[in-house]
Each structure stands twice: as C-alpha cells, then as structure tokens.
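Trainee: Below is a structure I'd like to ask you about.
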Amino acid sequence: MHPMKAHLLSYLSDKVTTVSFNKGRFLISPLDKEDYMYFLFSGAVRGFTKIGQKKITTWIVVENSLIGRMRIKDENDEAEEYVEAIEYCKVVRISRELLDRLYLNHFEINYIGRVLGQKLYAATEERAFICRLPTAEEKYKRFLAVYPGLIDRISLKYIAFFLGLSVETLSRTRTKIAASSNYLNVNRVDEKR
C-alpha cells in the first residue's frame, strides 16, 4: 500500500499486537473497555448491531481490511455493536489513541489510513446500494457480482442477514436463479444445434 521507514516499523513492532480469533469470537463488543482498531490479515468477520434479541448484520469483510467500531459509543443508543469472527482470523490490533497519534506524526500511516478509509467508504456505499435494490434476486445478483469469492466462504445465513433477507428467501432466490441459469444454458446448447 505504501512503504514505511525502518524506524517506524521498529516502533510499531513494540506497540501493536498480533492476535488470533477463532470462529464465533468477538473482536468488538459493548463490554469492551478499550477502543481498538484491527487490520485483518486473514479470515472473515461480520459487523452486526443488536437491538433487543435481533442481530442486524451491517457488513462482512475479509483479509486486508481495517476493522473498528462503525458507530460512536452513545449511552442513549439502544443498539449494541459487535464484530464477530466468522472464520478463524489473524489480526493486528492497535489502540485508537495510538493510531490517532500516528496519523498526526507519520505521513506513511496517515496515507495508509486514508487509503483504507476510502475503501471502507466505497464498501459502505455499495452496501447501501444493495439494500436499496427492490428484489431479493437483484440483491443476490449484485452481491455475487461485487463479492464473488464470499459465496463459497461465508455461511448463507450471514449473507442473508447482510442482504436484509430471511434465510428462506435467500434459498428460494438461489434456487430460482439456478433454475433459470440451467434453462438458459440448455436453450443456448439447443440453439447451437
């Protein structure tokens, strides 16, 4: 992304921690006292908000992504924010306080943070677009186009929640698309004869 000077790499090696999370473990929850940011080296995580007993998946990311709280902690907010490993994950953890100091004092970190922030913004815009598509079929097709590798990695229940669909609706949609794809493939073969 951007080269870093040797002295900065040496400084960071003493300040950041490499951590692993098993599937199902929380990287971030409302119980956390410290505010950390994470860089995801490997694995997949989802962010979700919990209102009462309902979990609303708001994002899913895989390696080479920056992870942190998306919402500002507010005592009056009823929503609880979580980040959960949905695959085994390896991350680099850094306190937000240290990261803010690094942004102020080191161009390289500021540049990398800006590039990662742009990626986060673009991903947020894409998620908002997907949520506004009118049909389950359009949402699922867009998901496949934008996140082609996730369908083979991520549980369908998380994909359904991400798309704002029930698991049953997603299953019906996948069956419908598969059936129409097979129909189209058969017709194309027949037309060539």
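Trainee: For segment 67-83, give me each residue that is in contact with a helix residue (DSSP H, G or I) (Cβ under 9 Å, 6 or more places away or on another chain) and either at pLDDT 85 or above or within 20 Å of F143 (Cβ to Cβ) (or both). Give the derivation first.
Mentor: We begin by selecting, within segment 67-83, every residue in contact with a helix residue (DSSP H, G or I) (Cβ under 9 Å, 6 or more places away or on another chain); these are 68-70.
Within segment 67-83, just M70 meets the criteria.
Trainee: For residues that are basic (K, R) and closer than 16 Å to A85 by Cα, tally how many sit in segment 134-177.
Mentor: Going residue by residue through segment 134-177, those that are basic (K, R) are 139, 141-142, 153, 157, 172, 174, 176.
Pick out the ones that are also closer than 16 Å to A85 by Cα and you get 153, 157.
Final tally of qualifying residues: 2.
Trainee: Another question, if that's okay. Which pairs have Cβ atoms under 6 Å, sit 6 or more apart or on different chains, and link a residue in segment 115-126 that is more than 13 Å from I67 (Cα to Cα) to one that is exposed (fewer than 15 other Cβ atoms within 10 Å of the Cβ) and modelled with pLDDT under 85?
Mentor: Short answer, once both residue conditions are applied: V115/M1.
Trainee: Any chance you could count how many residues in segment 40-57 are surrounded by fewer than 19 Cβ atoms within 10 Å (Cβ to Cβ) and in a strand (DSSP E or B)? Show your work before the answer.
Mentor: We begin by selecting, within segment 40-57, every residue surrounded by fewer than 19 Cβ atoms within 10 Å (Cβ to Cβ); these are 41-42, 49-56.
Next, from what is left, pick out any that are in a strand (DSSP E or B): 41-42, 49-51, 54-56.
Total meeting the criteria: 8.
Trainee: Give the residues of segment 100-145 that are closer than 23 Å to F48 by Cα and of a type in the set (F, W, Y), sorted by residue number.
Mentor: Y121, F129, Y140, F143
Trainee: Quick one: K139 ticks every box in (1) in contact (Cβ under 8 Å) with a residue 40 or more places away in the chain; (2) surrounded by 15 or more Cβ atoms within 10 Å (Cβ to Cβ) except a single one, so which number is it?
Mentor: All conditions are met except number (1).
Trainee: Of the residues that make up segment 13-27, is at least one modelled with pLDDT of 85 or more, closer than 30 Å to L165 by Cα, crowded, with 19+ Cβ neighbours inside 10 Å and not basic (K, R)?
Mentor: Yes, that holds for at least one residue.
The values are calculated or read from the model by the stated rules, or taken from the named source; none is laboratory data. Just so we're clear, the structure is a prediction, and the values are computed from it rather than from any experiment. Glycine also receives a Cβ, built like all others from the backbone with ideal geometry; neighbour counts cover every protein chain displayed.
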